[in-house]
């Protein structure tokens with residue numbers, strides 16, 4: 001890479017303010033990296049019109065107390081070669097690496113493993129303290145041959161474990177699909193939490209609350225798109241879960257800037273959401289408590305439960 005291009009990349013990196021945590025989303029072309037990010041940020045319409053990412057697309061967001069610089073790495077061969085030729089420019093100061101695997105494409109599993117190995121080696125050299133998460137993507141509920149997905153995932157998982165173990169990295173791994181938003185929220189959010197167990201504990205509390213009040217679903221999430229826990233009635237399959245949450249978040253996006261409390265019917269669902277703050281004094285760090293319900297809500301019970309959530313979220 002010539003010096004002019006290196007300087008351009010360095011300037012773009014410097015444009016991101018306040019030294020946020022660098023989050024790298026990496027994988028081969030068509031692995032679904034950008035689709036996952038669009039789903040995480042509830043841009044469902046945009047998922048339908050995605051074109052291949054050119055080079056690296058950078059954006060800034062927040063999750064609780066942290067500013068995040070997202071680096072969405074294009075996966076075409078001409079770009080992946082450039083990243084590996086100049087690893088000091090691309091893989092330096094990474095706090096969290098997400099590696100995305102297309103589990104539907106059997107022909108590219110070996111190629112993806114080779115790229116993964118090269119990326120891990122670069123991260124080990126330039127970001128040795130990075131956290132690593134593997135996203136086994138395109139686990140789409142309506143994909144006709146689930147056996148192919150399981151076979152490809154198993155093949156990648158076995159070799160990836162050896163690669164990471166050899167380099168001394170621990171890691172997390174999740175199944176994801178752009179069609180199931182809560183899977184995407186879970187994968188990114190738990191990876192970003194200093195204590196991922198908090199997510200499970202809040203999910204457990206949401207489960208008890210949901211069962212007590214006969215709710216279809218409950219979720220705690222941030223305005224940006226991350227989550228702190230959720231529960232869904234076990235009666236729903238993956239396709240039904242997809243439909244529930246896409247409807248919920250579609251209506252939420254339309255209304256939340258207008259109404260701090262949403263309580264209405266939308267496409268056959270009863271939807272409720274309310275806002276609360278981790279820091280009530282300064283009204284900073286807003287969170288949303290969302291419900292999908294059948295029977296009339298007991299608002300006093302919701303207020304009581306939000307106090308429980310506030311107490312739990314102070315542990316984050």
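The values are calculated or read from the model by the stated rules, or taken from the named source; none is laboratory data. Note that the structure is predicted; figures quoted are calculated from it, not measured. FYI the Cβ positions are ideal-geometry reconstructions off the backbone, even for glycines, and counts take in every protein chain you see.
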- Query: What's the number of the condition residue 161 fails, among (1) assigned by TED's automatic domain parsing to the domain that holds residue 96; (2) touching a strand residue (DSSP E or B) at 6+ places or on another chain (Cβ under 7 Å); (3) at pLDDT 95 or above?
  - Reply: (2)
- Filter the stretch 23-40 for residues that are free of Cβ contacts under 8 Å to residues at least 60 places away in the same chain, over 17 Å from residue 63 (Cα atoms) and within 13 Å of the chain's Cα centre (by Cα) and give the result. 34
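Report, by residue number, each residue of the stretch 244-254 that is without any contact (Cβ under 8 Å) to a residue 40 or more places away in the chain and surrounded by 16 or more Cβ atoms within 10 Å (Cβ to Cβ).
If the condition is that a residue be without any contact (Cβ under 8 Å) to a residue 40 or more places away in the chain and surrounded by 16 or more Cβ atoms within 10 Å (Cβ to Cβ), then 247, 251 are the ones that fit.
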- Message: Taking the criterion of being closer than 18 Å to residue 174 by Cα, crowded, with 22+ Cβ neighbours inside 10 Å and out of contact with any helix residue (DSSP H, G or I) (no Cβ under 6 Å at 6 or more places or on another chain), would at least one residue in the stretch 120-128 satisfy it?
- Response: no
- Mind checking whether some residue in the stretch 11-31 is within 24 Å of residue 246 (Cα to Cα), at pLDDT below 80 and in the same structural domain as residue 178 (by TED's automatic domain parsing)? no
- Filter the helices (runs of 4 or more DSSP H) completely within the stretch 120-220 down to those with at least 2 residues that are closer than 22 Å to residue 22 by Cβ. 146-166, 181-192
- Filter the stretch 280-309 for residues that are free of Cβ contacts under 8 Å to residues at least 40 places away in the same chain and either more than 26 Å from the chain's Cα centre (by Cα) or within 19 Å of residue 229 (Cα to Cα) (or both) and give the result. 280, 281, 282, 296, 299, 300, 302, 303, 304, 306, 307
- Query: Within the stretch 285-304, which residues are modelled with pLDDT of 85 or more and in contact with a strand residue (DSSP E or B) (Cβ under 8 Å, 6 or more places away or on another chain)?
  - Reply: 286, 287, 288, 289, 290, 291, 292, 293, 294, 297, 302
- Message: Criterion first (farther than 17 Å from residue 19 by Cα, surrounded by 14 or more Cβ atoms within 10 Å (Cβ to Cβ) and either in contact with a strand residue (DSSP E or B) (Cβ under 7 Å, 6 or more places away or on another chain) or in contact (Cβ under 8 Å) with a residue 24 or more places away in the chain (or both)) does residue 98 satisfy it?
- Response: yes
- Selection from the stretch 41-77 of residues closer than 19 Å to residue 116 by Cβ, surrounded by fewer than 19 Cβ atoms within 10 Å (Cβ to Cβ) and either touching a helix residue (DSSP H, G or I) at 6+ places or on another chain (Cβ under 9 Å) or free of Cβ contacts under 8 Å to residues at least 24 places away in the same chain (or both) yields 53
